[in-house]
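Worksheet: one structure, shown below.
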Amino acid sequence: MMDNGNICETSSNISNWMESAFKYAEEALEHGEVPVGCVIVHKDTKVIGTGRNKVNETKNATRHAEMVAIDDAMCNMKTDNILEVFSESALYVTVEPCIMCAASLRSIGIQTIYYGCKNERFGGCGSVLHIHTDEALTASTGQPLQCKSGYYSERAVKLLKSFYKQENPNVTLPSVRQ
Amino acid sequence: MEEPMEKKSRLDVAVLNPSTCIKDKRISCVLGDEYAANKDAVGLVKGLAVTLTSKKYASQVLKHLTEYLPLEGLQHLKRVRSVKTHDGDKLQVLMFVATLHEDFMDLNKTLNIKEIKPVKDFIMDPMFVAIPIKPPLTRDQFNICKQYWPVSFHEDKKISKLLLCSLFADDDMDRIEENMDLAIETARIGKKFDPRCDQGVVIVDPATNTIISTAFDMRNMECEIKDGYFARHPLNHAVMVAIDLVARSQGGGTYTYKPFLKSNSKINDGLYFNSTLPTSARNTSDTSDKGYYICTGLDVYVTKEPCIMCSMALLHSRVRCVFYGVSRPGGGLGSAFKLHARKDLNHRFEVFCNVLKSKCQVL
(Lines give C-alpha, C1' and ligand atoms only; values in the text may rest on other atoms or scores of the structure.)
Protein backbone atom coordinates (compact mmCIF):
# COMPACT_ATOMS: atom_id res chain seq x y z
CA MET A 1 0.00 0.00 0.00
CA MET A 2 1.35 3.42 -0.89
CA ASP A 3 1.04 6.08 1.70
CA ASN A 4 2.23 9.69 1.42
CA GLY A 5 3.81 8.74 -1.87
CA ASN A 6 7.01 7.39 -0.40
CA ILE A 7 6.19 5.06 2.46
CA CYS A 8 5.68 1.51 1.35
CA GLU A 9 3.94 -0.49 4.02
CA THR A 10 4.29 -4.12 3.26
CA SER A 11 2.77 -6.62 5.59
CA SER A 12 6.20 -8.05 6.32
CA ASN A 13 7.34 -4.63 7.54
CA ILE A 14 4.35 -4.43 9.86
CA SER A 15 5.13 -7.85 11.30
CA ASN A 16 8.74 -6.90 11.86
CA TRP A 17 7.84 -3.74 13.73
CA MET A 18 5.16 -5.55 15.72
CA GLU A 19 7.71 -8.23 16.55
CA SER A 20 9.94 -5.53 18.08
CA ALA A 21 6.99 -4.15 20.04
CA PHE A 22 6.41 -7.60 21.51
CA LYS A 23 10.02 -7.77 22.59
CA TYR A 24 9.39 -4.74 24.82
CA ALA A 25 6.09 -6.14 26.08
CA GLU A 26 7.91 -9.29 27.15
CA GLU A 27 10.55 -7.18 28.83
CA ALA A 28 7.77 -5.44 30.76
CA LEU A 29 6.48 -8.80 31.94
CA GLU A 30 9.94 -9.80 33.13
CA HIS A 31 10.02 -6.61 35.19
CA GLY A 32 6.63 -7.21 36.77
CA GLU A 33 4.86 -4.57 34.69
CA VAL A 34 1.68 -4.90 32.64
CA PRO A 35 3.10 -6.39 29.45
CA VAL A 36 2.57 -3.70 26.84
CA GLY A 37 5.38 -2.67 24.51
CA CYS A 38 5.75 -0.37 21.55
CA VAL A 39 8.14 1.06 18.97
CA ILE A 40 7.99 4.34 17.08
CA VAL A 41 9.14 3.91 13.48
CA HIS A 42 10.26 6.81 11.30
CA LYS A 43 9.30 6.61 7.61
CA ASP A 44 8.85 2.86 7.87
CA THR A 45 12.60 2.44 7.95
CA LYS A 46 14.02 3.10 11.37
CA VAL A 47 13.01 2.55 14.97
CA ILE A 48 13.51 5.91 16.68
CA GLY A 49 11.93 5.16 20.03
CA THR A 50 10.96 2.13 22.11
CA GLY A 51 8.99 1.75 25.29
CA ARG A 52 7.38 -0.60 27.74
CA ASN A 53 5.20 -0.04 30.74
CA LYS A 54 7.08 1.47 33.69
CA VAL A 55 4.20 2.20 36.04
CA ASN A 56 5.54 0.21 38.99
CA GLU A 57 9.13 1.20 38.49
CA THR A 58 8.35 4.94 38.47
CA LYS A 59 5.36 4.81 40.86
CA ASN A 60 3.65 6.88 38.21
CA ALA A 61 0.45 5.44 36.74
CA THR A 62 0.94 7.44 33.53
CA ARG A 63 4.17 5.76 32.47
CA HIS A 64 2.62 3.61 29.80
CA ALA A 65 4.74 2.14 27.00
CA GLU A 66 3.68 4.87 24.55
CA MET A 67 4.67 7.72 26.86
CA VAL A 68 8.04 6.07 27.53
CA ALA A 69 8.62 5.61 23.79
CA ILE A 70 7.83 9.26 23.04
CA ASP A 71 10.54 10.33 25.50
CA ASP A 72 12.93 7.80 24.04
CA ALA A 73 12.34 9.13 20.53
CA MET A 74 12.93 12.69 21.71
CA CYS A 75 16.23 11.72 23.32
CA ASN A 76 17.37 9.71 20.30
CA MET A 77 16.48 12.31 17.69
CA LYS A 78 17.63 15.35 19.63
CA THR A 79 15.94 17.71 17.20
CA ASP A 80 14.27 21.05 17.68
CA ASN A 81 11.46 19.90 15.46
CA ILE A 82 10.40 16.66 17.05
CA LEU A 83 6.79 17.20 15.95
CA GLU A 84 7.85 17.02 12.30
CA VAL A 85 9.56 13.70 13.03
CA PHE A 86 6.45 12.38 14.76
CA SER A 87 4.30 13.43 11.81
CA GLU A 88 6.40 11.09 9.64
CA SER A 89 6.31 8.24 12.15
CA ALA A 90 4.07 5.33 13.05
CA LEU A 91 3.57 3.71 16.43
CA TYR A 92 3.43 -0.08 16.72
CA VAL A 93 2.00 -1.19 20.05
CA THR A 94 0.87 -4.58 21.35
CA VAL A 95 -2.33 -3.29 22.99
CA GLU A 96 -4.74 -0.52 21.96
CA PRO A 97 -3.58 2.80 23.45
CA CYS A 98 -5.64 4.00 26.42
CA ILE A 99 -7.59 7.26 26.36
CA MET A 100 -4.63 9.18 27.81
CA CYS A 101 -2.13 7.78 25.33
CA ALA A 102 -4.53 8.19 22.38
CA ALA A 103 -4.94 11.87 23.28
CA SER A 104 -1.21 12.39 23.68
CA LEU A 105 -0.35 10.58 20.43
CA ARG A 106 -2.95 12.61 18.56
CA SER A 107 -1.69 15.84 20.08
CA ILE A 108 1.91 15.20 19.00
CA GLY A 109 0.68 14.27 15.53
CA ILE A 110 1.83 10.66 15.14
CA GLN A 111 0.89 9.57 11.64
CA THR A 112 -0.52 6.07 12.19
CA ILE A 113 -1.02 3.63 15.05
CA TYR A 114 -0.86 -0.13 14.55
CA TYR A 115 -1.98 -2.13 17.53
CA GLY A 116 -2.53 -5.73 18.56
CA CYS A 117 -5.45 -6.49 20.86
CA LYS A 118 -8.22 -4.21 21.99
CA ASN A 119 -8.26 -2.61 25.43
CA GLU A 120 -11.83 -2.89 26.65
CA ARG A 121 -11.03 -1.16 29.93
CA PHE A 122 -9.48 2.10 28.80
CA GLY A 123 -9.09 1.92 25.02
CA GLY A 124 -9.08 5.34 23.43
CA CYS A 125 -8.93 4.13 19.82
CA GLY A 126 -12.39 2.66 19.55
CA SER A 127 -13.03 0.43 22.57
CA VAL A 128 -14.22 2.93 25.18
CA LEU A 129 -13.86 6.20 23.27
CA HIS A 130 -12.84 7.24 19.76
CA ILE A 131 -10.23 9.79 20.79
CA HIS A 132 -8.24 9.05 17.62
CA THR A 133 -10.99 10.12 15.20
CA ASP A 134 -13.40 12.34 17.16
CA GLU A 135 -13.91 15.35 14.86
CA ALA A 136 -14.95 17.57 17.77
CA LEU A 137 -11.44 17.33 19.22
CA THR A 138 -9.54 18.68 16.21
CA ALA A 139 -9.20 22.22 17.59
CA SER A 140 -8.04 21.07 21.03
CA THR A 141 -6.21 17.80 20.34
CA GLY A 142 -5.05 18.01 16.71
CA GLN A 143 -5.83 16.23 13.47
CA PRO A 144 -7.51 12.81 13.58
CA LEU A 145 -5.19 9.85 13.85
CA GLN A 146 -5.16 6.79 11.63
CA CYS A 147 -5.47 3.54 13.52
CA LYS A 148 -5.14 -0.07 12.36
CA SER A 149 -5.77 -2.96 14.67
CA GLY A 150 -5.72 -6.71 15.02
CA TYR A 151 -2.02 -7.46 14.55
CA TYR A 152 -1.09 -10.56 16.57
CA SER A 153 -3.90 -9.83 18.98
CA GLU A 154 -3.96 -13.39 20.29
CA ARG A 155 -0.34 -13.13 21.28
CA ALA A 156 -0.95 -9.78 22.99
CA VAL A 157 -3.90 -11.17 24.95
CA LYS A 158 -1.87 -14.21 25.96
CA LEU A 159 0.84 -11.98 27.35
CA LEU A 160 -1.65 -9.94 29.35
CA LYS A 161 -3.28 -13.07 30.70
CA SER A 162 0.04 -14.46 31.85
CA PHE A 163 0.65 -11.22 33.72
CA TYR A 164 -2.70 -11.21 35.50
CA LYS A 165 -2.37 -14.88 36.32
CA GLN A 166 0.92 -14.42 38.15
CA GLU A 167 -0.41 -11.27 39.74
CA ASN A 168 -3.39 -12.79 41.50
CA PRO A 169 -4.74 -16.23 40.73
CA ASN A 170 -8.18 -15.32 42.10
CA VAL A 171 -8.71 -12.32 39.97
CA THR A 172 -10.83 -12.49 36.85
CA LEU A 173 -8.96 -12.13 33.60
CA PRO A 174 -8.70 -8.66 32.13
CA SER A 175 -11.45 -7.74 29.78
CA VAL A 176 -9.43 -7.61 26.65
CA ARG A 177 -10.72 -9.18 23.51
CA GLN A 178 -8.97 -9.87 20.29
CA MET B 1 -3.16 -1.00 31.09
CA GLU B 2 -3.87 -1.40 34.72
CA GLU B 3 -4.77 -4.07 37.17
CA PRO B 4 -8.14 -5.62 36.57
CA MET B 5 -9.51 -5.28 40.05
CA GLU B 6 -12.72 -3.33 40.24
CA LYS B 7 -12.56 -0.81 42.99
CA LYS B 8 -15.64 0.94 44.13
CA SER B 9 -15.61 4.66 43.96
CA ARG B 10 -15.54 6.28 47.34
CA LEU B 11 -18.54 8.33 46.39
CA ASP B 12 -21.02 7.26 43.81
CA VAL B 13 -21.30 10.74 42.48
CA ALA B 14 -20.81 10.72 38.82
CA VAL B 15 -22.37 13.65 37.09
CA LEU B 16 -21.74 17.24 36.36
CA ASN B 17 -24.17 19.67 35.00
CA PRO B 18 -22.91 23.12 35.82
CA SER B 19 -25.97 24.71 34.25
CA THR B 20 -28.21 23.36 36.97
CA CYS B 21 -26.06 24.86 39.66
CA ILE B 22 -27.04 28.05 41.30
CA LYS B 23 -25.17 31.07 40.02
CA ASP B 24 -22.94 33.15 42.26
CA LYS B 25 -21.96 30.13 44.31
CA ARG B 26 -18.30 29.74 44.99
CA ILE B 27 -18.25 26.26 43.47
CA SER B 28 -20.24 24.01 41.13
CA CYS B 29 -20.32 20.25 40.87
CA VAL B 30 -19.72 18.54 37.54
CA LEU B 31 -22.13 15.62 37.59
CA GLY B 32 -22.49 12.89 34.98
CA ASP B 33 -25.10 13.15 32.27
CA GLU B 34 -27.42 10.74 34.04
CA TYR B 35 -28.20 13.51 36.52
CA ALA B 36 -29.13 16.06 33.88
CA ALA B 37 -32.60 17.57 34.09
CA ASN B 38 -33.81 16.53 30.67
CA LYS B 39 -35.89 13.88 28.91
CA ASP B 40 -32.84 11.92 27.78
CA ALA B 41 -31.75 11.33 31.34
CA VAL B 42 -35.11 9.85 32.41
CA GLY B 43 -35.33 7.73 29.25
CA LEU B 44 -38.85 7.69 27.85
CA VAL B 45 -40.14 4.40 26.44
CA LYS B 46 -43.49 3.29 25.11
CA GLY B 47 -46.01 1.88 27.54
CA LEU B 48 -49.52 0.58 27.11
CA ALA B 49 -52.24 1.71 29.52
CA VAL B 50 -55.93 0.86 29.84
CA THR B 51 -58.79 2.62 31.60
CA LEU B 52 -60.78 0.89 34.32
CA THR B 53 -64.48 0.69 33.58
CA SER B 54 -65.02 1.55 37.22
CA LYS B 55 -62.76 2.58 40.09
CA LYS B 56 -64.18 -0.19 42.20
CA TYR B 57 -62.24 -2.81 40.23
CA ALA B 58 -58.91 -1.17 40.97
CA SER B 59 -57.72 -3.46 43.73
CA GLN B 60 -58.81 -6.59 41.90
CA VAL B 61 -57.06 -5.58 38.67
CA LEU B 62 -53.89 -4.46 40.46
CA LYS B 63 -53.69 -7.66 42.45
CA HIS B 64 -53.93 -9.63 39.24
CA LEU B 65 -51.30 -7.53 37.47
CA THR B 66 -48.89 -7.73 40.39
CA GLU B 67 -49.08 -11.48 40.24
CA TYR B 68 -49.14 -12.12 36.50
CA LEU B 69 -47.57 -9.05 34.89
CA PRO B 70 -45.17 -7.53 37.42
CA LEU B 71 -43.05 -4.59 36.26
CA GLU B 72 -39.80 -6.21 37.20
CA GLY B 73 -36.93 -3.84 37.85
CA LEU B 74 -39.19 -0.82 37.41
CA GLN B 75 -40.16 -0.30 41.04
CA HIS B 76 -40.22 3.46 40.59
CA LEU B 77 -43.26 3.26 38.31
CA LYS B 78 -46.69 3.58 39.84
CA ARG B 79 -49.21 1.32 38.25
CA VAL B 80 -52.24 3.59 38.36
CA ARG B 81 -53.00 7.22 37.66
CA SER B 82 -56.23 9.13 37.63
CA VAL B 83 -57.32 10.80 34.41
CA LYS B 84 -60.11 13.15 33.54
CA THR B 85 -62.40 11.92 30.75
CA HIS B 86 -65.62 13.22 29.27
CA ASP B 87 -67.14 10.55 31.45
CA GLY B 88 -65.71 11.97 34.67
CA ASP B 89 -62.59 10.96 36.64
CA LYS B 90 -61.30 7.51 35.76
CA LEU B 91 -58.34 5.36 36.75
CA GLN B 92 -55.80 4.44 34.16
CA VAL B 93 -53.60 1.38 34.67
CA LEU B 94 -50.18 0.71 33.17
CA MET B 95 -50.30 -2.77 31.64
CA PHE B 96 -47.13 -3.14 29.61
CA VAL B 97 -43.80 -1.43 29.13
CA ALA B 98 -42.05 -1.90 25.79
CA THR B 99 -38.75 -2.92 27.37
CA LEU B 100 -40.41 -5.81 29.25
CA HIS B 101 -43.34 -6.79 27.04
CA GLU B 102 -42.40 -6.06 23.49
CA ASP B 103 -44.75 -8.73 22.14
CA PHE B 104 -47.78 -7.22 23.83
CA MET B 105 -47.46 -3.71 22.45
CA ASP B 106 -50.45 -4.00 20.13
CA LEU B 107 -53.60 -2.03 20.89
CA ASN B 108 -55.84 -4.44 19.00
CA LYS B 109 -54.66 -7.56 20.73
CA THR B 110 -54.18 -6.29 24.27
CA LEU B 111 -57.51 -7.36 25.64
CA ASN B 112 -57.17 -10.89 24.29
CA ILE B 113 -53.81 -11.70 25.82
CA LYS B 114 -53.97 -14.73 28.08
CA GLU B 115 -52.65 -12.90 31.15
CA ILE B 116 -55.31 -10.22 30.73
CA LYS B 117 -58.37 -12.38 30.19
CA PRO B 118 -59.36 -12.74 33.89
CA VAL B 119 -59.67 -8.94 34.21
CA LYS B 120 -60.77 -8.26 30.66
CA ASP B 121 -64.27 -7.11 31.61
CA PHE B 122 -62.96 -4.39 33.93
CA ILE B 123 -60.75 -2.60 31.42
CA MET B 124 -61.19 -0.63 28.20
CA ASP B 125 -59.60 1.94 25.89
CA PRO B 126 -56.06 0.64 25.53
CA MET B 127 -53.69 3.44 24.57
CA PHE B 128 -49.98 4.14 24.32
CA VAL B 129 -48.32 6.30 26.96
CA ALA B 130 -44.76 7.53 27.51
CA ILE B 131 -43.05 5.93 30.49
CA PRO B 132 -39.87 7.20 32.20
CA ILE B 133 -37.84 4.02 32.30
CA LYS B 134 -35.14 5.24 34.70
CA PRO B 135 -35.87 6.12 38.33
CA PRO B 136 -35.48 9.87 38.88
CA LEU B 137 -32.13 10.72 40.52
CA THR B 138 -32.92 14.35 41.26
CA ARG B 139 -35.96 16.40 42.14
CA ASP B 140 -35.84 18.07 38.72
CA GLN B 141 -35.90 14.67 37.04
CA PHE B 142 -38.80 13.66 39.31
CA ASN B 143 -40.74 16.67 38.08
CA ILE B 144 -40.00 15.75 34.46
CA CYS B 145 -41.06 12.12 35.01
CA LYS B 146 -44.35 13.16 36.59
CA GLN B 147 -45.39 14.96 33.42
CA TYR B 148 -45.49 11.57 31.70
CA TRP B 149 -46.40 8.97 34.30
CA PRO B 150 -46.46 8.95 38.10
CA VAL B 151 -43.27 7.67 39.71
CA SER B 152 -41.83 7.47 43.18
CA PHE B 153 -38.70 9.41 44.13
CA HIS B 154 -36.17 8.63 46.81
CA GLU B 155 -34.07 11.69 47.31
CA ASP B 156 -30.31 11.21 47.59
CA LYS B 157 -29.33 13.93 50.06
CA LYS B 158 -25.77 14.04 48.85
CA ILE B 159 -26.79 14.58 45.24
CA SER B 160 -29.23 17.28 46.26
CA LYS B 161 -26.48 19.05 48.14
CA LEU B 162 -24.17 18.76 45.16
CA LEU B 163 -26.80 20.22 42.88
CA LEU B 164 -27.46 23.05 45.28
CA CYS B 165 -23.69 23.49 45.71
CA SER B 166 -24.17 23.33 49.47
CA LEU B 167 -21.92 20.37 50.13
CA PHE B 168 -19.13 22.41 51.62
CA ALA B 169 -19.25 24.44 54.79
CA ASP B 170 -17.71 27.90 54.72
CA ASP B 171 -14.44 26.82 56.27
CA ASP B 172 -14.18 23.94 53.78
CA MET B 173 -14.67 26.47 51.01
CA ASP B 174 -11.98 28.71 52.48
CA ARG B 175 -9.55 25.80 52.45
CA ILE B 176 -10.50 24.91 48.86
CA GLU B 177 -9.94 28.48 47.72
CA GLU B 178 -6.67 28.68 49.59
CA ASN B 179 -5.41 25.63 47.69
CA MET B 180 -6.67 27.07 44.40
CA ASP B 181 -4.93 30.34 45.22
CA LEU B 182 -1.69 28.39 45.48
CA ALA B 183 -2.41 26.80 42.07
CA ILE B 184 -2.91 30.31 40.63
CA GLU B 185 0.31 31.51 42.24
CA THR B 186 2.09 28.45 40.83
CA ALA B 187 0.87 29.32 37.31
CA ARG B 188 2.12 32.88 37.78
CA ILE B 189 5.57 31.60 38.71
CA GLY B 190 5.52 29.53 35.52
CA LYS B 191 4.55 32.64 33.57
CA LYS B 192 7.81 34.27 34.62
CA PHE B 193 9.67 31.53 32.74
CA ASP B 194 7.35 31.56 29.75
CA PRO B 195 4.41 33.90 29.20
CA ARG B 196 2.42 31.14 27.49
CA CYS B 197 2.18 29.21 30.76
CA ASP B 198 -1.44 29.44 31.88
CA GLN B 199 -1.88 26.38 34.05
CA GLY B 200 -1.01 25.70 37.67
CA VAL B 201 -1.67 22.55 39.69
CA VAL B 202 -1.58 21.68 43.37
CA ILE B 203 -2.00 18.14 44.70
CA VAL B 204 -3.08 17.87 48.31
CA ASP B 205 -3.64 15.10 50.81
CA PRO B 206 -7.04 16.15 52.19
CA ALA B 207 -6.70 13.99 55.29
CA THR B 208 -4.02 16.31 56.64
CA ASN B 209 -4.29 19.21 54.18
CA THR B 210 -0.66 18.56 53.25
CA ILE B 211 0.62 19.81 49.90
CA ILE B 212 2.23 16.87 48.07
CA SER B 213 3.23 18.61 44.85
CA THR B 214 2.83 21.78 42.79
CA ALA B 215 3.55 22.26 39.09
CA PHE B 216 3.02 24.59 36.16
CA ASP B 217 2.70 24.04 32.42
CA MET B 218 6.21 23.27 31.13
CA ARG B 219 5.53 22.61 27.46
CA ASN B 220 7.48 25.67 26.36
CA MET B 221 10.34 25.32 28.80
CA GLU B 222 13.53 23.48 28.09
CA CYS B 223 14.13 20.96 30.83
CA GLU B 224 15.91 17.67 31.19
CA ILE B 225 14.17 14.76 29.51
CA LYS B 226 16.79 12.11 30.22
CA ASP B 227 20.53 11.81 30.80
CA GLY B 228 21.46 15.41 30.18
CA TYR B 229 19.26 15.91 27.14
CA PHE B 230 17.23 19.10 27.51
CA ALA B 231 14.20 19.91 25.37
CA ARG B 232 10.71 21.37 25.35
CA HIS B 233 8.47 18.38 25.98
CA PRO B 234 5.07 18.72 24.27
CA LEU B 235 3.43 16.53 26.91
CA ASN B 236 4.78 18.32 29.97
CA HIS B 237 1.35 19.66 30.89
CA ALA B 238 1.08 20.93 34.45
CA VAL B 239 -1.04 17.95 35.57
CA MET B 240 1.43 15.42 34.15
CA VAL B 241 4.29 17.17 35.92
CA ALA B 242 2.37 17.33 39.20
CA ILE B 243 1.56 13.60 39.01
CA ASP B 244 5.21 12.80 38.37
CA LEU B 245 6.23 14.94 41.33
CA VAL B 246 3.83 12.99 43.55
CA ALA B 247 5.64 9.87 42.32
CA ARG B 248 8.88 11.59 43.22
CA SER B 249 7.63 12.23 46.75
CA GLN B 250 7.10 8.48 47.00
CA GLY B 251 10.63 7.66 45.87
CA GLY B 252 9.65 7.21 42.20
CA GLY B 253 9.20 9.70 39.38
CA THR B 254 10.53 9.95 35.86
CA TYR B 255 12.06 13.38 35.25
CA THR B 256 14.52 15.63 37.09
CA TYR B 257 12.84 18.81 35.72
CA LYS B 258 16.24 20.45 35.75
CA PRO B 259 16.83 23.38 35.90
CA PHE B 260 13.36 24.28 37.22
CA LEU B 261 13.07 21.91 40.18
CA LYS B 262 15.25 22.98 43.06
CA SER B 263 16.90 20.38 45.24
CA ASN B 264 15.14 21.54 48.38
CA SER B 265 12.02 22.84 46.74
CA LYS B 266 9.54 24.84 48.76
CA ILE B 267 5.82 25.22 48.32
CA ASN B 268 6.11 28.67 46.75
CA ASP B 269 8.78 27.67 44.23
CA GLY B 270 6.36 26.71 41.48
CA LEU B 271 7.70 23.18 41.09
CA TYR B 272 7.55 21.38 44.40
CA PHE B 273 7.31 17.91 45.81
CA ASN B 274 7.00 16.98 49.41
CA SER B 275 10.20 15.21 50.34
CA THR B 276 9.39 14.86 53.99
CA LEU B 277 6.94 12.01 53.57
CA PRO B 278 8.18 8.57 54.41
CA THR B 279 7.90 6.78 51.07
CA SER B 280 5.13 4.57 52.32
CA ALA B 281 3.34 7.25 54.30
CA ARG B 282 0.21 6.97 52.30
CA ASN B 283 -1.62 4.01 50.87
CA THR B 284 -1.01 1.99 53.97
CA SER B 285 -4.61 2.26 55.04
CA ASP B 286 -5.70 1.75 51.48
CA THR B 287 -7.55 -1.46 50.77
CA SER B 288 -5.69 -1.66 47.49
CA ASP B 289 -2.50 -3.65 47.59
CA LYS B 290 -1.27 -1.61 44.62
CA GLY B 291 0.88 0.95 46.31
CA TYR B 292 1.84 2.46 42.99
CA TYR B 293 -1.53 4.06 42.38
CA ILE B 294 0.00 6.85 44.22
CA CYS B 295 -2.60 9.56 43.95
CA THR B 296 -5.18 7.41 45.71
CA GLY B 297 -7.05 9.61 48.16
CA LEU B 298 -5.48 12.86 46.93
CA ASP B 299 -7.24 16.04 45.80
CA VAL B 300 -6.12 18.01 42.76
CA TYR B 301 -6.49 21.76 42.25
CA VAL B 302 -6.01 22.96 38.71
CA THR B 303 -6.62 26.44 37.33
CA LYS B 304 -8.01 25.30 33.96
CA GLU B 305 -10.00 22.17 33.20
CA PRO B 306 -7.52 19.38 32.36
CA CYS B 307 -7.29 18.19 28.73
CA ILE B 308 -8.26 14.62 27.87
CA MET B 309 -4.76 13.26 28.34
CA CYS B 310 -4.43 14.87 31.76
CA SER B 311 -7.96 13.91 32.82
CA MET B 312 -7.26 10.29 32.02
CA ALA B 313 -3.88 10.55 33.74
CA LEU B 314 -5.73 11.67 36.89
CA LEU B 315 -8.12 8.75 36.51
CA HIS B 316 -5.23 6.28 36.12
CA SER B 317 -3.71 7.82 39.24
CA ARG B 318 -6.95 7.22 41.18
CA VAL B 319 -7.35 10.73 42.54
CA ARG B 320 -10.16 11.38 45.01
CA CYS B 321 -11.38 14.73 43.78
CA VAL B 322 -10.54 17.47 41.26
CA PHE B 323 -11.26 21.19 41.63
CA TYR B 324 -10.80 23.46 38.65
CA GLY B 325 -11.31 27.11 37.93
CA VAL B 326 -12.41 27.51 34.32
CA SER B 327 -13.73 25.14 31.69
CA ARG B 328 -12.16 24.90 28.28
CA PRO B 329 -12.97 23.34 24.90
CA GLY B 330 -11.61 19.82 24.69
CA GLY B 331 -11.54 19.43 28.48
CA GLY B 332 -11.96 15.92 29.85
CA LEU B 333 -13.83 16.70 33.08
CA GLY B 334 -17.01 18.38 31.89
CA SER B 335 -16.48 19.93 28.45
CA ALA B 336 -15.66 17.35 25.76
CA PHE B 337 -16.09 14.40 28.14
CA LYS B 338 -16.87 13.66 31.75
CA LEU B 339 -14.24 10.99 32.17
CA HIS B 340 -14.60 11.05 35.96
CA ALA B 341 -18.26 10.03 35.76
CA ARG B 342 -18.19 7.13 33.33
CA LYS B 343 -19.35 3.76 34.54
CA ASP B 344 -17.32 2.04 31.82
CA LEU B 345 -14.02 3.25 33.28
CA ASN B 346 -12.60 1.64 36.39
CA HIS B 347 -12.36 4.65 38.68
CA ARG B 348 -14.75 7.48 39.39
CA PHE B 349 -14.12 10.69 41.26
CA GLU B 350 -15.82 13.95 42.08
CA VAL B 351 -15.18 17.08 40.09
CA PHE B 352 -15.98 20.67 41.03
CA CYS B 353 -15.56 23.70 38.82
CA ASN B 354 -15.77 27.49 38.99
CA VAL B 355 -13.42 27.68 41.98
CA LEU B 356 -11.98 31.24 41.93
CA LYS B 357 -13.13 31.31 38.34
CA SER B 358 -12.43 34.94 37.53
CA LYS B 359 -8.93 34.77 38.96
CA CYS B 360 -8.19 31.62 36.96
CA GLN B 361 -9.66 33.13 33.82
CA VAL B 362 -7.17 35.99 33.64
CA LEU B 363 -4.10 33.76 33.86
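The values are calculated or read from the model by the stated rules, or taken from the named source; none is laboratory data. The structure presented is a predicted model; accordingly, all values stated were derived computationally and were not measured. FYI the Cβ positions are ideal-geometry reconstructions off the backbone, even for glycines, and counts take in every protein chain you see.
Would you say A:Cys98 is within 19 Å of B:Ser311 (Cβ to Cβ) and either away from chain B (no Cβ under 12 Å) or surrounded by fewer than 24 Cβ atoms within 10 Å (Cβ to Cβ) (or both)? Against the criterion (within 19 Å of B:Ser311 (Cβ to Cβ) and either away from chain B (no Cβ under 12 Å) or surrounded by fewer than 24 Cβ atoms within 10 Å (Cβ to Cβ) (or both)), A:Cys98 does not qualify. For segment B:130-160, filtered to residues that are in contact with a Lys or Arg (Cβ under 8 Å, 6 or more places away or on another chain) and aliphatic (A, V, I, L, M), the residue that is farthest from B:Pro70 (Cα to Cα) is B:Ile144.
Scan segment B:331-362 for residues that are hydrophobic (A, V, I, L, M, F, W, C) and not in a loop (DSSP other than H, G, I, E, B) and report the count. Total satisfying the criteria: 7.
With B:Lys290, B:Lys357, B:Lys304 as the choices, which residue is within 14 Å of chain A (Cβ to nearest Cβ) and either buried (at least 20 other Cβ atoms within 10 Å of the Cβ) or at pLDDT 95 or above (or both)? Just a single option satisfies the conditions, and that option is B:Lys304. Scanning segment B:64-87 for residues that are over 32 Å from the mean Cα position of the chain (by Cα), closer than 22 Å to B:Lys114 by Cα and either modelled with pLDDT of 95 or more or of a type outside the set (D, E, K, R) (or both) yields B:His64, B:Leu65, B:Thr66, B:Tyr68, B:Leu69, B:Pro70, B:Val80. Screening segment B:28-136 for strands (runs of 3 or more DSSP E) wholly inside it with 3 or more residues that are crowded, with 18+ Cβ neighbours inside 10 Å returns the ranges B:44-52, B:88-97, B:123-132. Are any of the residues in segment A:81-89 within 11 Å of chain B (Cβ to nearest Cβ) and either crowded, with 24+ Cβ neighbours inside 10 Å or in contact with a Phe, Trp or Tyr (Cβ under 9 Å, 6 or more places away or on another chain) (or both)? The answer is yes; a qualifying residue exists. Residue-level check: of (1) within 25 Å of B:Glu305 (Cβ to Cβ); (2) touching a Cys at 6+ places or on another chain (Cβ under 8 Å); (3) among the aliphatic types (A, V, I, L, M); (4) not assigned by TED's automatic domain parsing to the domain that holds B:Tyr324, B:Ile159 misses just (2). Taken together, B:Leu107, B:Leu71 contain a single residue that is aliphatic (A, V, I, L, M), in contact (Cβ under 8 Å) with a residue 12 or more places away in the chain and under 21 Å from B:Val151 (Cβ atoms), which is B:Leu71. Select from segment A:132-152 the residues that are within 17 Å of the chain's Cα centre (by Cα) and within 14 Å of another protein chain (Cβ to nearest Cβ) and list them in ascending order. Answer for segment A:132-152, where residues must be within 17 Å of the chain's Cα centre (by Cα) and within 14 Å of another protein chain (Cβ to nearest Cβ): A:His132, A:Thr133, A:Pro144, A:Leu145.
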